[in-house]
Amino acid sequence: MTVQLNHTIVHSRDNRESAEFLAYFLGLEVGAPWGPFIPVETANGVTLDFATAPDGSITPQHYAFLVSEAEFDEAFAKIQRAKITYFADPHGRHPGEINHNDGGRGVYFQDPSGHGMELITRPYGGFKE
């Protein structure tokens, strides 16, 4: 089967701000606007198309990104320098910590529109002894 996720729309308070936020922390490029969308493409070709949505209409979503150890180090350093609140868990019970699930590292933080962003260095269930 060759089914792949191609793109998703991410509702945001300000599409440019949210696209630039994600691109900065992940070391990605912000693409040229396409209609109402500001795209950010990941290494596997999936595009997050940021669209400005009316106030009060954004339902927070969760976006998890699999990154290398070096990319995690770079992104986490940026999170700390920007004084972004981060957590080891999606429920925010472990502030100021990262996790070591599946033998890797992970961190959760919010984007400017309140979406939950997650960076992991190993996919869940990916640790095999």
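The values are calculated or read from the model by the stated rules, or taken from the named source; none is laboratory data. None of these values were measured; they are calculated from a predicted model. Don't worry about glycine lacking a Cβ; one is built from the backbone with ideal geometry, like all the others, and counts go over all protein chains shown. Heads up: the accessible areas ignore ligands, DNA and RNA and are worked out on the full protein's heavy atoms, side chains in. Shrake-Rupley method; radii C 1.70, N 1.55, O 1.52, S 1.80 Å.
For helix 15-26, report the angle its Cα long axis makes with the longest principal axis of the Cα atoms of the chain; keep it between 0 and 90° and round to the nearest 10°.
Once rounded, the angle reads 30 degrees.
What does the charge count around Y63 come to, taking other residues whose C-beta lies under 13 Å from its C-beta (Lys +1, Arg +1, Asp -1, Glu -1)?
-3
For the chain, report the accessible area per residue in Å² (1.4 Å probe, heavy atoms, rounded to an integer).
In whole numbers, the chain has 61 Å² accessible per residue.
May I ask you to derive the relative contact order of segment 14-78, considering only C-alpha pairs under 8 Å and at least 6 residues apart, and to give it as an integer percent?
Across segment 14-78, relative contact order equals 29 percent.
Roughly speaking, to the nearest percent, how much of segment 29-112's 1.4 Å accessible area is carbon and sulfur?
Answer for segment 29-112: carbon and sulfur cover 53 percent of the accessible area.
Trypsin sites (Lys or Arg not before Pro) within segment 17-94: which are DSSP loop residues with at most 14 other Cβ atoms inside 10 Å?
Passing both the DSSP loop test and the Cβ count: K83, R93.
By the scheme Lys and Arg +1, Asp and Glu -1, what is the net charge of all other residues having a beta-carbon under 11 Å from that of P33?
So the surrounding residues net to 0.
At I58 and V46, where each label point lies 7 Å from the Cα along Cα→Cβ, what is the point-to-point distance in nanometres?
According to this spin-label approximation, the distance is 2.0 nm.
Enter the angle in degrees (range 0 to 90, nearest 10) between the Cα long axis of helix 69-81 and the first principal axis of the Cα atoms of the chain, meaning the one along which they spread out most.
That helix lies at roughly 70 degrees to the long axis.
Just to verify a number: FRET efficiency for L28 and R122, C-beta to C-beta distance, R0 = 25 Å, to 0.05?
FRET efficiency, L28 to R122: 0.80.
Below 8 Å between Cα atoms, with a sequence gap of 6+, how large is the relative contact order for the chain in percent?
Contact order relative to length: 23 percent.
Just report the Cα centroid separation between segment 1-51 and segment 65-129, whole Å.
Measuring centre to centre over Cα atoms gives 19 Å.
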